[in-house]
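The values are calculated or read from the model by the stated rules, or taken from the named source; none is laboratory data. Note that this is a predicted model, so its numbers are computed, not measured. Virtual Cβ from ideal backbone geometry, glycine too; neighbours counted across all protein chains shown.
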Amino acid sequence: MAHLEIRTFVAASPEAVWAVLADLEHQAAWMVDVRSLEIVTPEKQGVGAVMHVTSELFGLPIVKDVMAITAWEPPRRMDVEHRGQFHGSGQFLLEPTHNGTTFIWIEDFAPPLGPVGEFVFALIVRPHLRRVFARSLENMRRLAEAAALIPAA
């Protein structure tokens, strides 16, 4: 099983971060590798929502994923099950801190080709995804912090 975990600090409340995270239809606004995302269930949020997503890998839109929301615990946790080309799970965790939120993104999946795929993942794919996810988290941070500055009506 391949594992990737990345985290960042966001100077905004978990509620402000959750508002960006939970807007599934607009995830491409912060996830830099998402090329298309369509929610294919009547549920647009929450457990049971299913999305068809095309993502880039090394700049090519080749990853076709079906993601189902399996946990929805505002404003702390969202889990997905990957049912497309790669099978596994993803998790977004929001941990409150003294002056903001720690955003943790965890992915666990079974690469194709068994041990060979895991070796290639560790050597080439993980470092690439770590850079892509870091850019995505930076986008998330900017969006959540900007929204936190807007006074409530």
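The table for this structure:
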read-out: Residues satisfying the stated conditions in segment 8-22, i.e. under 26 Å from residue 58 (Cα atoms) and under 12 Å from the mean Cα position of the chain (by Cα); value: 20, 21
read-out: Residue that is farthest from residue 2 (Cα to Cα) [pool: residues in segment 52-92 that are touching a Leu at 6+ places or on another chain (Cβ under 7 Å) and at pLDDT 95 or above]; value: 75
read-out: Test for residue 108: is it within 15 Å of the chain's Cα centre (by Cα), farther than 17 Å from residue 27 by Cα and among the acidic types (Asp, Glu); value: yes
read-out: Residue tally, condition closer than 24 Å to residue 58 by Cβ, touching a residue at least 12 places away in the same chain (Cβ under 8 Å) and hydrophobic (A, V, I, L, M, F, W, C), over segment 89-128; value: 8
read-out: Count of segment 17-48 residues which are buried (at least 19 other Cβ atoms within 10 Å of the Cβ) and either β-branched (Val, Ile, Thr) or more than 18 Å from residue 133 (Cα to Cα) (or both); value: 3
read-out: Enumeration of residues in segment 10-68 that are in contact with a Lys or Arg (Cβ under 9 Å, 6 or more places away or on another chain) and without any contact (Cβ under 8 Å) to a residue 12 or more places away in the chain; value: 28
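Each row is one residue, and each column tells you yes or no for (1) surrounded by 15 or more Cβ atoms within 10 Å (Cβ to Cβ); (2) in contact with a helix residue (DSSP H, G or I) (Cβ under 6 Å, 6 or more places away or on another chain); (3) closer than 22 Å to residue 49 by Cα.
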{"residue": "68", "(1), (2), (3)": "yes, no, yes"}
{"residue": "73", "(1), (2), (3)": "no, no, yes"}
{"residue": "90", "(1), (2), (3)": "yes, no, yes"}
{"residue": "94", "(1), (2), (3)": "yes, yes, yes"}
{"residue": "129", "(1), (2), (3)": "yes, no, no"}
